[in-house]
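The values are calculated or read from the model by the stated rules, or taken from the named source; none is laboratory data. Note that the structure is predicted; figures quoted are calculated from it, not measured. Note that we place each Cβ from the backbone using ideal geometry, even for glycine, and neighbour counts take in every protein chain shown.
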Amino acid sequence: MKKSQKFFTVDNLKEKAKQAKALILTDYSGLNVGQINQLRAEIKKDGGEYEVVKNNLLKIATKETDLDLKEQKVDGATAALWLYSDDVKPLKTLDAFIKKNERPVVKFGFWGHDLLDGAKFKELANLPGLEELRGKLVGSLKSPLFGLAYNLKFNLSKLVFILKAKGGEN
């Protein structure tokens, strides 16, 4: 890689690190190019970004950001999962891919300023997504209104039945 390309790559990684809400580093060894491209496409569809990175360039890029990689051991084949929103959908996608293929292996990551290990990654991946949470919220807000409408309608229906019964006796 030429020196000018390295500068461009470092600047690009710096921008991603500043914009990202979370970063997960994985060891992608054992995956072929087709599998990586498939994973990349699935994650992109869910709002994340998955890319193979050079360890030294990533360390240089994150020096001036909140993500502190100098304390962490970053070596081997590394790919980064960047999340730009609070939605955990890309994490769910990565977790499902790992369950299916047993690769890539999660090294560590950051959610905001907090360091994540493999166990914390699993916890986050098992949280419901934003769409699911919104659906639950709408359902719980709608439920009392539906119950109120049903009870009001039931009382009116009871009144109609009573009036019909009284009218039929005459």
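Which residues, counting only those in region 89-114, are touching a residue at least 12 places away in the same chain (Cβ under 8 Å), hydrophobic (A, V, I, L, M, F, W, C) and in contact with a strand residue (DSSP E or B) (Cβ under 9 Å, 6 or more places away or on another chain)? Those that are touching a residue at least 12 places away in the same chain (Cβ under 8 Å), hydrophobic (A, V, I, L, M, F, W, C) and in contact with a strand residue (DSSP E or B) (Cβ under 9 Å, 6 or more places away or on another chain): L91, L94, V105, V106, F108, F110, W111. For region 150-162, the criterion of being assigned to a loop (DSSP other than H, G, I, E, B) and either hydroxyl-bearing (S, T, Y) or over 17 Å from A20 (Cβ atoms) (or both) is met by no residue. Scanning region 109-124 for residues that are within 20 Å of Q19 (Cβ to Cβ) and hydrophobic (A, V, I, L, M, F, W, C) yields F110, W111, L115, L116, L124. Residues considered: I43, I24, I36. Of these, the only one that is in contact with a Pro (Cβ under 6 Å, 6 or more places away or on another chain) and under 12 Å from A80 (Cα atoms) is I43. What is the residue count in region 32-87 for residues that are within 21 Å of A125 (Cα to Cα), among the aliphatic types (A, V, I, L, M) and crowded, with 19+ Cβ neighbours inside 10 Å? Number satisfying all stated conditions: 7.
Please verify whether region 108-120 includes one or more residues that are in the same structural domain as I36 (by TED's automatic domain parsing), part of a helix (DSSP H, G or I) and hydrophobic (A, V, I, L, M, F, W, C). Yes. The residues listed here are K142, K107; of these, the one that is surrounded by 10 or more Cβ atoms within 10 Å (Cβ to Cβ), under 34 Å from the mean Cα position of the chain (by Cα), over 30 Å from V53 (Cβ atoms) and not hydrophobic (A, V, I, L, M, F, W, C) is K142.
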